Amino acid sequence: MAGQKAHTGTLPSDRSITVERFRDELGDWRLCILTPFGARIHAPWAMALQRTLSDAGGFEIQVMYTDDGIVLRFADAEELPPLDALIPDPEDIEDLVTDQLAGTSLFAGLFRENAVRSLLLRRRRPGQRSPLWAQRLKAQNLLAAVRQYASFPIVIETYRQALGDVFDLPGLKRLLTDIRSRAIAVDDVETRSASPFARSLVFAYVAAYLYEQDAPLAERKAQALTLDRALLGELLGQAELRELIDAQVLAELEDELQHLADDYRARDADELHDVLRRLGDLTEEELSLRTLGESGPWLDALQTQRRAVRVNVAREPRWIAAEDSALYRDALGVTPPPGVPDAFLTPVERPLEVLLKRYARHRGPFLTREVAARYALREAQVEPVLRALESAGVLVRGEIRPGGAELDWCDGEVLRRLKRRNLARLRDEAAAVDTPTLALYLPAWQGLHDSRQGMERLREVIGQLQDLALPWSLWSTVILPGRVAGFRPDMLDTLAASGAVVWVGRGSSSARDGRVALYLREQVRDLLSFDAGYLPPSDLHRAILDCLAANGASFLIEIDDAVSGSDAAYDPNEFREALWDLVWAGQMTNDTFAPLRLGRSVKRGRTRRRGGGFPAGGRWSLVSGLVRSTPSPTALTVARARLLLDRYGIVSRHCAQAEDIPGGFAPIYKVLREMEEQGRVRRGYFVDGLSGAQFAYAGAIDRLRGVRPAAEERDRAVVLEDVVTLCALDPANPYGALVPWPSAGNPDQAKPRRVANAWVLLARGRPVIYVAQRGRSLLTFPETMRDEDGALRAALEALRQLPKGSARGLLVIEKIDGVAARDSVLLAAFQQAGYALDYRGLIDVKPSGLTRTG
């Protein structure tokens, strides 16, 4: 594994897969998808890729799979398919595999085995084995003869065997859905030669194709079949209901049907009698579970009133309603006790059928052996009655109970209720989520606290956050380190030196810092809004621009020499200021990030030589060179729409407003609407609080609903692990940008703002504390503290991890909600959390732990 990690920088796992590209000894491209999920997942995936890529390229793609992954060979191809083309849509995967299956040797082999097993391929000499080549030839002829019959049993069984037994299509759908929702990462790497994991795949590929041409035609290319999809759906679709039924919904319905739910339990003797009439025979223990009081006295009263009797059913004493005495006598041979009125002993027609109908009507899916055991009958006695009820439309049979492995029986009306409730649960899950869920989703979507590291991860993060103007100090200390494990500033220099990443100034924010936007070089042309009408404020500014325009990319000393040589009154300090003016105006950039790290740290004053005391780094160049040809308005709008989708996953009018996109949301909306018609995004109302139309990737919707806390999690108290600390300007923080801030503790004194040196502490996505001036001033959010038990206590523990502002490195809180800390109503809560009061305010006297910061 160490060798694989060293070769590719990644390691396939259950949370990430690796897509490795390299050229083989003939110069052809090989593409390996390395995963640990096994051949049952890889086989249908490979078949879907072969279908889609062959259709797109117009020629056959050579593909092979093993337990370790998938390998594809592209002969004489100059360009490889994009990464998205390797991840089929989960909704289309079954149709792709079904269409491709008929042309595989697997299908031909399974068809031959099934034909032999069904005696359609007879032996000429009984007792002797038939040669394999003869079986193949006969199977080929039989397949050609039956292909016109869409529902031929052996063909349908072959499809069912391949799609249901050999392949794990549900597992593949889950994997592709997780990839689409970014729950599973995809590491795309290009290597000079095959890595250790890819080398084993390539070896298997050579072995598989070495004798390919020796195989008979029927094994290499089966005839295209006309398939009865409805019949195949009946065979394959039985498990779908089992997968769609929510186990919790089923349990709740069964509790109601069995009178085990609190609202359905008996509260007096009369209601207990009704329970016996509905459910039939019950033991005293079973009755005690269905009452809110003591069932013994109620049973005695019912027995005295001849409304309930005690009988032996299945060799144990049970209680039944007196009205059912004849039913149990005729169905099971139970002897009624003395004293039962004659009106309750009238013979019952088809008693066992009546008994089983009631049994099914008041429970969920059940098995034949379960009902047989309940009444001490043989399955052979019960099965014909159940089948008769199925024929009459009373019962249905199929794979219904979640987690089951056999065919269940279920009352038709119970199943309809179950489906309706399950649909209601799904609709509730599909309903718009609240703002706290959005605040939980955004950090997950943008990969905060992601364990992935390296250049590819850094490049991915920059690609997601392109064209976002943030202070450089925030980029280097918060944004990138929070998303790239093991981030180092020199990693940016490496990407910039290779030409993969560029940066552009977007305005000065202080004497030593300014806002910067990062871009991938191949996309900067479509995203950068360059000010071509910029007018230099002085001759010095114009001279610097003219130098770069005439000489191209230049080192600082070269610019210094060109400018100072033509100006006898040259002032190095003015030169430095002019250079930074041009940087923050978005007119100049550098091929390293060293100037940004050094900033304007050099003091003013005399320098010993020209060019000294200026920001070091690589070569300076004009930003106009990055956008030599202006893209069309349509291309620019499409690029921005895709960027917003990649950054947020869910895009609404608020996203365009938060990023101050030229033209607003109207042009973006037209692009998103077109993408919706093409099926690339979905439109709906996903987040409550984002007004207007909302568009989202399907994977983003899955991720959004997946982060919503379960009911039991919402009920427990907030702990430190539930608190996330975000810089207020972080794009993963929706408050103040996508959604408004909640009401603070004292809104008349101060309001939270999205500024660089401010932080917000979220408990389960809800703001608890807003930190300004590096901890000296705090704002609290009473609504969160009221609704989330333990939120303030956990947030105060997380507060200890913020950058400290005092000279001694202690967190000093001077104001809380606009008033002095010593006068705050929350003073006692802070002191209980370990904060002490001194002449400056509240100070932290506990050692720091760890919390999640972003």
Point to revise | Rounded to 10°, Cα long-axis angle of helix 572-584 versus longest principal axis of the chain | key: 30 degrees
Check your understanding: What fraction of the DSSP beta bridges in the chain is antiparallel, stated in percent and rounded to the nearest 5?
Key -> 85 percent
Review point. Expressed as an acute angle from 0 to 90° and rounded to the nearest 10, what is the orientation of the C-alpha long axis of helix 665-677 relative to the principal long axis of the chain?
Key: 40 degrees
**Study point:** Cα-based equivalent ellipsoid, region 377-421: semi-axes from gyration tensor eigenvalues, Å
**Key:** 20, 14, 7
Review point. How much net charge surrounds F487 when only the other residues with a Cβ under 12 Å from the Cβ of F487 are counted, with Lys and Arg +1 and Asp and Glu -1?
Key: +2
Revision key, fill the gap. Per principal axis, largest first, the Cα atoms of region 661-713 extend in Å by 44, 23, 15
Review point. With charges only on Cβ, +1 for K and R and -1 for D and E, what is the dipole size of the chain about its Cα centre, in debye, rounded to 20?
Key: 1260 debye
Review point. Which value results for Rg/Rh of region 252-378 when Rg is the Cα radius of gyration and Rh the Kirkwood radius based on the inverse mean 1/r?
Key: 0.95
Exercise for review: Could you work out the Kirkwood radius for region 495-548, taking every pair of different alpha carbons, averaging 1/r and inverting it, reported in Å?
Suggested key: 13.3 Å
Review point. Taking only the alpha-carbon atoms of region 722-840, what semi-axes of the equivalent ellipsoid follow from 5 times the gyration tensor eigenvalues under a square root, in whole Å, largest first?
Key: 20, 16, 14
Practice item. Using +1 at the Cβ of each Lys and Arg and -1 at the Cβ of each Asp and Glu in the chain, identify which of A185, G649, P336 lies farthest towards the dipole's positive end. Key: A185
Exercise for review: Report, in deg cm²/dmol and to the nearest 500, the calculated mean residue ellipticity at 222 nm for the chain, where each DSSP H run with n ≥ 4 adds -39500 (n - 2.57) and the sum is divided by the residue count.
Suggested key: -12500 deg cm²/dmol
Exercise for review: Compute the acute angle (0 to 90°) between the alpha-carbon long axis of helix 435-445 and the principal axis of greatest extent of the alpha-carbon atoms of the chain; round to the nearest 10°.
Suggested key: 70 degrees
Review point. Using the Kirkwood formula over every pair of different C-alpha atoms, what hydrodynamic radius in Å results for the chain?
Key: 33.4 Å
Practice item. With a/c under 1.5 counting as rounded, go ahead and sort region 442-481 into rounded, prolate or oblate using the C-alpha gyration tensor (a ≥ b ≥ c being the square roots of the eigenvalues; past the cut-off, prolate if a/b is larger than b/c, else oblate). Key: rounded
Revision key, fill the gap. Carbon/sulfur accessible area of region 291-354, % of total, 1.4 Å probe, equals 50 percent
Practice item. Mind checking the per residue accessible area of the chain for me, 1.4 Å probe, whole number of Å²? Key: 48 Å²
Check your understanding: Which whole-angstrom value gives the distance between the alpha carbon centres of region 298-361 and region 378-416?
Key -> 24 Å
Review point. For region 477-521, which whole percent of the accessible surface, found with a 1.4 angstrom probe, sits on carbon and sulfur atoms?
Key: 53 percent
Review point. Lysine pairs in the chain with alpha-carbon atoms under 29 Å apart, 8 or more places apart or on different chains: how many are there?
Key: 12
Point to revise | Gyration tensor over alpha-carbon atoms, region 406-545, equivalent ellipsoid semi-axes in Å | key: 49, 19, 15
Practice item. Would you mind telling me the share, in percent, of accessible area of region 722-771 contributed by carbon and sulfur at probe 1.4 angstrom? Key: 46 percent
Review point. Summing Lys, Arg as +1 and Asp, Glu as -1, what charge do residues with Cβ under 14 Å from the Cβ of P633 carry, P633 excluded?
Key: +2
Study note, to complete from the structure: Farthest towards the positive end of the dipole of the chain, among I559, W759, P351 and with Cβ unit charges of +1 on Lys and Arg and -1 on Asp and Glu, lies the Cα of I559
Study note, to complete from the structure: Rounded to a whole number, the Stokes-Einstein D of region 323-462 in µm²/s (Kirkwood radius over Cα pairs; 25 °C; 0.890 mPa s) is 124 µm²/s
Exercise for review: Run the dipole for region 333-455 about the Cα centre, Lys and Arg Cβ at +1, Asp and Glu Cβ at -1, nothing else charged, and hand back the magnitude in debye, nearest 20.
Suggested key: 120 debye
Review point. When the dipole is taken about the Cα centre of region 405-473, and only Lys, Arg (+1) and Asp, Glu (-1) are charged at their Cβ, what size is it in debye, to the nearest 20?
Key: 180 debye
Exercise for review: Can you check what the Kirkwood hydrodynamic radius comes to for region 306-396, Cα pairs only, in Å to one decimal?
Suggested key: 13.8 Å
Review point. Between L598, L527, Q62, whose Cα lies farthest towards the positive end of the dipole of the chain when Lys and Arg beta carbons carry +1 and Asp and Glu beta carbons carry -1, centred on the Cα centre?
Key: L598
Practice item. Quick one: accessible surface of S473, probe radius 1.4 Å, all protein chains present, in square angstrom to the nearest 10. Key: 50 Å²
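The values are calculated or read from the model by the stated rules, or taken from the named source; none is laboratory data. Predicted model, so just to flag it, every value in this text is computed and none were measured. When we count neighbours, we look across all protein chains shown, and the Cβ atoms used for this are built from the backbone with ideal geometry, even at glycine. Keep in mind that these areas ignore ligands, DNA and RNA; they rest on the heavy atoms of the full protein, side chains included. Shrake-Rupley method; radii C 1.70, N 1.55, O 1.52, S 1.80 Å.
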